[in-house]
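These notes concern the structure reproduced below.
Derivation of every value follows stated rules applied to the coordinates shown; laboratory data play no part. As the structure is a prediction and not an experimental result, all values here were calculated from the model. Reconstructed Cβ throughout: ideal geometry from the backbone, glycine too, with neighbour counts over all protein chains shown.
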Amino acid sequence: MISMSSTTLAALVAQAQEQMKRQDYAGATGSFSMALEIDPARPELYRSRGLLYYLRRQYDEALADFSQALAYEPHNSDLYVHRGMVLLRQSRLAAALEEFNEALRLNPDDSSAYQQRGAVYAALGDLPGAIADYSAALQRNPHSAGDYLTRATLRYHVNDFEGVIADCTAALALGHTPPEVYTTRGSAHARRGELAQALEDYTTALHLDRRDAATAFNRGTVYLQQGQLAAAVADFSLVIRLQPEQVPALFARATAHRALGDLRAARADLRRVVELEPRHVDAQVQLGELYLKTGKADRALEALSAAVRLRPTAGTHVRRARAFRAAGQPAAALSDCDKALALAPDHVDARLLRGELQLEAGAVVAARADFAAALLADPTSAGAVAGLALCHHALGEVAAAAEQWQRLLTHHATWVSAAAAGADLDWPPALIEAAARLLHAGAPNRNHDRNRDQDQG
């Protein structure tokens, strides 16, 4: 004879299962609780209610139910896995690890235990351990596409890009086609320099989710690498529409605008970057250089001084020195060059700039020393050779000057005048005029002799 209580218990369990199908987890929890009031010695009821508490993020209650079930079934490996999952969500990593280890001791072929222990290892920063556990899980359950994607993500962080591509491809073969699979594989292709394949994967991901800002940024970066600047601007603009304060996208778009020659747009993006992130040194540097290029020396000094304060390197000092020079402050420019060379004695640009400044000031011997040091540091430096030629001219060392200019003309056949050389070397007008006066005194090379003969004719 079936008792009324057993009939009621069965009805409550059936009711709970129907509620779970409808995702009425609160109702199902209540039904299991009523069932446990009828029979509090049913471990499967504790387990079912514990899973519901877990889904509802009531982790303490879930842990209590799984522990109660274990009191009845101490060798049930699944219950250790469930307790470990709760502890993992509570960031109690060492305790979670113990639970998964016990589950695997009881059942060495439990793929879910390997999977969850791999998640603990990943949270602990042990990426090789995490990869090993996901590999063990996949050996036991090779049809888990999600595990392939997780292992691909882990492999990406240890620079195993070939493994990333293989895992993403395996996930896709199993029919797992969310955008992140294509994005992850595209990123691996990009890191391997396989830009065409990267673009194909990023484009597929964006077809699946047009609002995926991360993928749009990645594709824009590849376009930028390929020199497809308009396409890069379009992708970075999409990112900015989705995330208006996304600093990397603003900075990258500024770079693309600058390469396209749209300096105004580049400047606007860089200003926005430094508004959002005033300590962004590279943005301050680029902004300063753009102001300098457009003749706004004071604004350039403001941006480059911020860069020097944030990152006082030889490079930032040299850039600010150029701004000081453009602002008509040669002493301050020389001071920055001195600071740059104190930090990096072989810094070629600092040597060249200080040499030019000293040449403009009439300190020819000191200038010659800087140009010689620059040439020693970089034997291919055309600026150093040109500077030495000018110094030799100024000191009356005509033969040495001719040798240096002939050396230049071997590689720069168009440099038949100070204006031509100065334009390529970014000399300021004052230095070009000084060079022209010196060269007019006579640079004995064939090009200059021919020009002079033509003038006399």
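With charges only on Cβ, +1 for K and R and -1 for D and E, what is the dipole size of region 248-320 about its Cα centre, in debye, rounded to 20? Before the final figure, lay out the partial values.
Values: 14 positive and 8 negative charges, 20 e Å.
Around 100 debye, computed over region 248-320.
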(message) One quarter of the convex hull surface, Cα atoms only: what value does that give for region 77-205 in nm²?
(response) 7.5
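Size of the dipole of the chain about the Cα centre, Lys and Arg at +1 and Asp and Glu at -1 on the beta carbon, nothing else charged, in debye to 20?
Numbers: 47 positive and 53 negative charges, 226 e Å.
Charge dipole of the chain: 1080 debye, to the nearest 20.
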(request) Specify which labelled value, from (i) 180; (ii) 202; (iii) 145, agrees with volume of the Cα convex hull per residue in Å³ derived from the coordinates of the model shown. (result) (ii)
(message) I'd like the distance between the alpha-carbon centres of region 288-340 and region 87-121, rounded to an integer number of Å.
(response) 57
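With n ≥ 4 as the cut-off for DSSP H runs, can you work out [θ] at 222 nm for the chain, using -39500 (n - 2.57) per run divided by the number of residues, rounded to the nearest 500? Walk me through the numbers before you get to the answer.
Working: 27 runs with 361 residues, N = 457.
Taken over the chain, the calculation gives -25000 deg cm²/dmol.
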(request) Taking the chain as the reference, fit the longest principal axis to its C-alpha atoms, fit the long axis of helix 145-157 to the helix C-alpha atoms, and give the angle between the two in degrees, 0 to 90, nearest 10. (result) 30
(message) At a threshold of 8 angstrom on Cα-Cα distance, excluding pairs fewer than six apart, so keeping six or more, what relative contact order does the chain reach in percent?
(response) 4
(request) Convert each backbone phi in region 159-166 into a coupling constant with the Karplus relation 6.51 cos²θ - 1.76 cosθ + 1.60 (shift: θ = phi - 60°), then list the ³J(HN,Hα) values in order as whole Hz, x for Gly and Pro. (result) 6, 8, 6, 5, x, 4, 4, 5
(message) How tilted is helix 281-293 with respect to the longest principal axis of the chain? Cα atoms for both, answer in degrees (0 to 90, nearest 10).
(response) 30
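Can you give the extra length, in nm with one decimal, that the chain gains between residue 293 and residue 343 once fully stretched, where that is 0.36 nm per residue apart less the Cα-Cα distance? Before the final figure, lay out each step's value.
On the way: separation 50, 0.36 × 50 = 18.00 nm, distance 2.61 nm.
Additional length available on full extension: 15.4 nm.
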(request) Pop out the ³J(HN,Hα) list for region 246-255 in order, Karplus 6.51 cos²θ - 1.76 cosθ + 1.60 with θ = phi - 60°, rounded to Hz; leave Gly and Pro as x. (result) 7, 4, x, 5, 4, 5, 5, 5, 4, 4
(request) Answer with one residue from 232, 316, 14: the one whose Cα lies farthest towards the positive end of the charge dipole of the chain, charges on Cβ with Lys, Arg +1 and Asp, Glu -1. (result) 316
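Between beta-carbons, use under 13 Å as the cut-off and find the net charge around residue 110, counting Lys and Arg +1, Asp and Glu -1. Intermediate values should be presented prior to the final figure.
Details: positive: 105, 117, 140; negative: 78, 99, 102, 109, 133.
In short, -2.
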(request) Go through 396, 202, 181 and say which Cα lies farthest out towards the positive end of the charge dipole of the chain; charges sit on Cβ, +1 for Lys and Arg, -1 for Asp and Glu. (result) 396
(request) Report the calculated FRET efficiency for residue 95 and residue 75 (r = Cβ-Cβ distance, R0 = 22 Å), to the nearest 0.05. (result) 0.65
(request) Starting from the Cα of residue 399, step 7 Å along the direction of its Cβ; do the same at residue 411; then give the gap between the two resulting points in nm. (result) 2.5
(message) Multiplying the sequence separation of residue 8 and residue 262 by 0.36 nm and subtracting their Cα-Cα distance, what value in nm do you get?
(response) 83.8 nm
(request) State, to one decimal in nm, how far the label point of residue 33 lies from the label point of residue 177, with both points 7 Å from Cα in the Cβ direction. (result) 4.4
(message) Quick check: residue separation of residue 226 and residue 208 times 0.36 nm, minus the Cα distance between them. What number comes out in nm?
(response) 4.1 nm
(message) Angle check, please: helix 127-140 long axis (alpha carbons) against the longest principal axis of the chain (alpha carbons), in degrees 0 to 90, nearest 10.
(response) 50
